[in-house]
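What follows is a set of notes on a single structure, which appears directly below.
The values are calculated or read from the model by the stated rules, or taken from the named source; none is laboratory data. Owing to the predicted nature of the structure, the values given are computational and were not obtained by experimental measurement. Glycine also receives a Cβ, built like all others from the backbone with ideal geometry; neighbour counts cover every protein chain displayed.
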Amino acid sequence: MLSEKIRIIAPSPTLAIDEKVKIMRAEGVDVIGFGAGQPDFDTPDHIKAAAIKAIEDGFTKYTPASGTKELKEAVCRKLKRDNGLDYTPANIVVSNGAKQSLVNTFTAICNPGDEVIVPAPYWVSYPEMIKLADGVPVIMPTTEENNFKFTVEDLKKTVTDRTRALILNSPSNPTGMLYTVEELKAIGELAVEKDFYIVSDEIYEKLIYDGVSHVSIASVSEEVKDRTIIINGLSKSHAMTGWRIGYTASNNALAKAMGNLQSHQTSNPNSIAQKAAEAALDGEQECVEIMRKTFEERRNYMVERINSIEGLSCKKPTGAFYVMMNISKCFGTELYGYQIQNSDDFCEALLEVAKVAVVSGIGFCADGFVRLSYATSMKNIEEGLNRIEKFLKKEC
Ligand code: PMP
Ligand code: GLU
């Protein structure tokens, strides 16, 4: 018999689509996968070399549970260099990916029944993580017309006496949208006035286009910084998803609490991956820029192409590597014998008929949309969009 808590947790639909594509390929099916939420690039060589050296040096024992002092110092240097923020190692907790950083955060801040505001469309794992921490996810809808961004007015209407935190994911997975400095300031002011935390997931910080730069909400004022838990990691910036290194920057009390939690739950993140992360943060950043530029070219192509296909449309995202494609015009139609009533129906028909995998908007609380990742080669993007066009013209 499973516990109540675990029975209400749904599996991750983003990881599930990846699994499904792998299985279909193993069966010899030629599938184009737009599901992947990870860079298709290999981890840069100098990072791999640091890991190899760590093994050869025998850096293979437990480290402090919340990460090595050296890596925490490298994180502090990064936060100063890139975000203009002053932190010391006592503010940093290094974890097994940003996923663990988020789980630590919700566990550290939520009492049973505390509300965490989750702007929708949201990354699929947030509500489940909040529920695991006995919190209550409060979904705050946004609209495509407003670029999938909430306004401070929306936030004011959603905040209650039980509000413990707001999730801010800028640039966002799945929408790619980015909040402006003015918007961040207004959100920060409300957080101070109403006394709630801001869980600022900045994992896509390095993937921003059109010459726009990232601003961390923690940098808008000291008061806001004290209420912000920055979530970041190496998965997306340095193509290191499999290495599992993420981190938080927060006030000392929270960092200490999360370190304690981690000391019982998982102990330190992998010692070798920590050395690799140090090299990633302190080493040359040209590799990050090369990947960013490639993503930008792919985004431009994908957005233009989607908007040229009859029946489809999308907004141009400013960051991350996802496009939310509006498919609502297909609702109420029949395609190849499939009745298209919602995004799940569309995804199923597209995969079965055209062999193109996309993620249904339903898991992101965005029915009417599907998410396409452009973390795949231009060749795949062209072929996948050709197939989508044919599919909609009923030429498959
Ligand atoms: N936050 C967001 C918004 C993400 O898309 C991801 C992707 N997996 C994560 C956090 C977690 O990343 P990781 O655990 O690989 O560091
Ligand atoms: N974050 C990525 C995605 O949304 C990777 C999969 C996951 O961890 O959910 O696809």
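So here's what we get for this one:
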quantity: Positions within segment 197-216 being surrounded by 22 or more Cβ atoms within 10 Å (Cβ to Cβ) and more than 16 Å from ligand 2 (Cβ to nearest atom), in sequence order; calculated: Y197, I198, S200, S216
quantity: Output for segment 368-384, where each listed residue is in a loop (DSSP other than H, G, I, E, B) and surrounded by 19 or more Cβ atoms within 10 Å (Cβ to Cβ); calculated: Y374, A375, T376
quantity: Flag if L132 is of a type outside the set (G, A, S) and within 30 Å of I6 (Cβ to Cβ); calculated: yes
quantity: Residue in segment 311-320 that is of a type in the set (A, V, I, L, M) and touching an Asp or Glu at 6+ places or on another chain (Cβ under 6 Å) present; calculated: no
quantity: Subset of segment 240-255 [over 19 Å from L85 (Cα atoms) and either of a type in the set (S, T, N, Q) or more than 11 Å from ligand 1 (Cβ to nearest atom) (or both)]; calculated: T241
quantity: Residues of segment 3-52 satisfying the condition of being among the basic types (K, R) and either modelled with pLDDT under 95 or at positive phi (or both); calculated: K5, R7, K20, K22, R25
quantity: Residue match in segment 330-345 (condition: crowded, with 19+ Cβ neighbours inside 10 Å, among the aromatic types (F, W, Y) and at pLDDT 95 or above); calculated: no
quantity: Residue within segment 114-132 that is closer than 22 Å to A239 by Cβ, of a type outside the set (V, I, T) and either more than 16 Å from ligand 2 (Cβ to nearest atom) or in contact with a strand residue (DSSP E or B) (Cβ under 9 Å, 6 or more places away or on another chain) (or both) present; calculated: yes
quantity: Unmet requirement for I231, which otherwise passes all of (1) crowded, with 23+ Cβ neighbours inside 10 Å; (2) aliphatic (A, V, I, L, M); (3) free of Cβ contacts under 8 Å to residues at least 60 places away in the same chain; calculated: (3)
quantity: Residue match in segment 27-47 (condition: more than 16 Å from ligand 1 (Cβ to nearest atom), surrounded by fewer than 14 Cβ atoms within 10 Å (Cβ to Cβ), without any contact (Cβ under 8 Å) to a residue 12 or more places away in the chain and within 30 Å of V215 (Cα to Cα)); calculated: yes
quantity: Set M378, M325: member being more than 16 Å from ligand 2 (Cβ to nearest atom) and among the hydrophobic types (A, V, I, L, M, F, W, C); calculated: M378
quantity: Residues located in segment 217-264, provided they are aromatic (F, W, Y) and more than 16 Å from ligand 2 (Cβ to nearest atom); calculated: Y247
quantity: Tally, over segment 167-194, of residues that are surrounded by 20 or more Cβ atoms within 10 Å (Cβ to Cβ), out of contact with any His (no Cβ under 9 Å at 6 or more places or on another chain) and either among the β-branched types (V, I, T) or not in a strand (DSSP E or B) (or both); calculated: 12
quantity: When residues of segment 329-365 are limited to those that are assigned to a strand (DSSP E or B) and touching a Phe, Trp or Tyr at 6+ places or on another chain (Cβ under 9 Å), the one nearest to V138 (Cα to Cα); calculated: S360
quantity: Segment 204-231, subset in contact with a Gly (Cβ under 7 Å, 6 or more places away or on another chain) and not hydrophobic (A, V, I, L, M, F, W, C), residue farthest from I109 (Cα to Cα); calculated: Y209
quantity: Residue match in segment 270-284 (condition: away from ligand 2 (no atom under 16 Å from the Cβ), free of Cβ contacts under 8 Å to residues at least 24 places away in the same chain and of a type in the set (D, E)); calculated: no
quantity: Identity of the residue in segment 307-322, within 16 Å of ligand 2 (Cβ to nearest atom) and assigned to a strand (DSSP E or B), that ends up surrounded by the most Cβ atoms within 10 Å (Cβ to Cβ); calculated: Y322
